[in-house]
Structures are given as structure tokens and as C-alpha cells.
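Structure, as C-alpha cells:
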Amino acid sequence: PVPARPPQEPAAAAVPVAIRGAGRLVLVVDDEEPIRVVAEQVLRRHGFAVVVADDGVQALQLFRLRPRDYAAAIVDMMMPRMNGAALMRELRALAPGLAIISSSGFMATATDDGEPLDLEALGVRTLLPKPYAESELLEAMREALEPAPPLGAGGKKKV
């Protein structure tokens with residue numbers, strides 16, 4: 001007689017494991033100081049190295065110093081001097097493989113100058129609505145940094 005198998009545990013994939021930064025460098029760009037401070041603290045606590053900027057102009061200056069060192073950028077869409085869409089275009093030109101997360105309290109459909117906003121064309125796979133919780137920030141980092149599963153292997157088809 002074959003012994004009865006014990007009941008199966010729920011799939012481990014159902015409970016997300018916190019992402020580990022492993023020293024990866026992240027650029028956090030937001031004109032709201034409390035958002036920058038919290039994002040920096042959370043990311044550092046999870047092992048990321050973080051550079052912060054309060055607008056797109058400052059972010060671009062910092063990014064140009066070492067563009068190949070960055071793993072990801074979290075970019076606020078609505079900022080003075082250079083908006084998020086303009087910054088994303090510049091970042092994408094300098095580092096085509098950079099993971100970019102779009103963050104906003106107001107998900108605009110057009111840029112400040114009235115052009116349609118196409119985040120997919122800017123290479124943005126991950127949106128992070130503000131205000132966000134620590135778990136939402138970490139999940140956005142996971143989505144942006146981990147490769148998308150191939151279609152047919154549990155992956156979701158883009159609409």
C-alpha cells in the first residue's frame with residue numbers, strides 16, 4: 001500500500017517575496033520632498049542604492065554622470081522645469097535598457113504641451129499611482145526590474 005500524500009501547501013508564488021536591491025542603483029525623481037524621502041528610505045532598507053532629484057533637470061544632470069550604473073528610475077510625471085515625459089525621453093536615449101517607473105497622483109493622458117502621452121512608447125512598463133504604500137513601491141520595482149514572463153508561461157498579453 002502507498003502511503004497517503006500530505007496535503008499540498010499553497011503555491012509559494014501566491015505570496016510575493018520582498019525584492020532585494022542587491023546594491024542596484026535607482027534614481028528617484030519627484031518634486032514632493034516627503035515622497036522622495038520615503039521612497040529613498042524604503043529602497044535603501046531593501047538594499048538599493050538611491051540617488052534623489054527634485055526635478056527633471058537635476059535628475060538628468062545626475063544621471064549623465066553615470067548612466068550605465070542605474071538599474072531603474074522612478075519618475076514623477078508632473079514636475080517644474082522638466083516634466084516626467086520629457087525626462088523619460090532623455091533617460092531612454094541615454095540608457096535604452098533602463099527600467100522606468102512612472103509615478104503620479106494624476107495619471108495624465110497628455111504632456112504639458114498637449115501632446116498625447118504614450119508611456120509604452122517611452123518604454124514604461126510599470127505605473128505607480130501616488131500616494132503609494134511601501135508594498136506598492138516594492139511591487140512596482142519587482143515589475144520593472146524582473147523580466148516579464150514569456151506569453152504562454154503564465155504571462156499576460158498586453159492590451
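Can you list residues from other chains, or at least 5 along the same chain, whose modelled amide H is less than 5 Å from the amide H of Val50?
Val26
Given a 1.4 angstrom probe, what's the average accessible area per residue across the range 50-104, in square angstrom? Before the final figure, lay out the partial values.
On the way: 2310 Å² over 55 residues.
Using a 1.4 Å probe on heavy atoms only, each residue of the range 50-104 averages 42 Å².
Where does each of 136-144, 71-79 land if you order them by average Cβ count within 10 Å, highest first?
Details: 136-144: 19.3, 71-79: 23.9.
Top to bottom by mean Cβ count within 10 Å: 71-79, 136-144.
How large is ³J(HN,Hα), in whole Hz, for each residue of the range 87-101 in order, when computed from phi with the Karplus curve 6.51 cos²θ - 1.76 cosθ + 1.60 and θ = phi - 60°, using x for Gly and Pro?
For the range 87-101, the Karplus-derived couplings read 5, 4, 4, 5, 4, 4, 5, 7, 9, x, x, 5, 7, 10, 10 Hz, x marking Gly and Pro.
Amide H neighbours of Ser103 under 5 Å, at least 5 residues apart or on other chains, H built in the peptide plane: list them.
Val75, Asp76, Met77, Leu128
The values are calculated or read from the model by the stated rules, or taken from the named source; none is laboratory data. What you are looking at is a predicted structure, and each value in this text was computed from that prediction instead of being measured. Note that each Cβ is placed from the backbone with ideal geometry, even for glycine, and that neighbours are counted across all protein chains shown. In case anyone asks, the SASA skips ligands and DNA or RNA and just uses the protein heavy atoms, side chains included. Shrake-Rupley method; radii C 1.70, N 1.55, O 1.52, S 1.80 Å.
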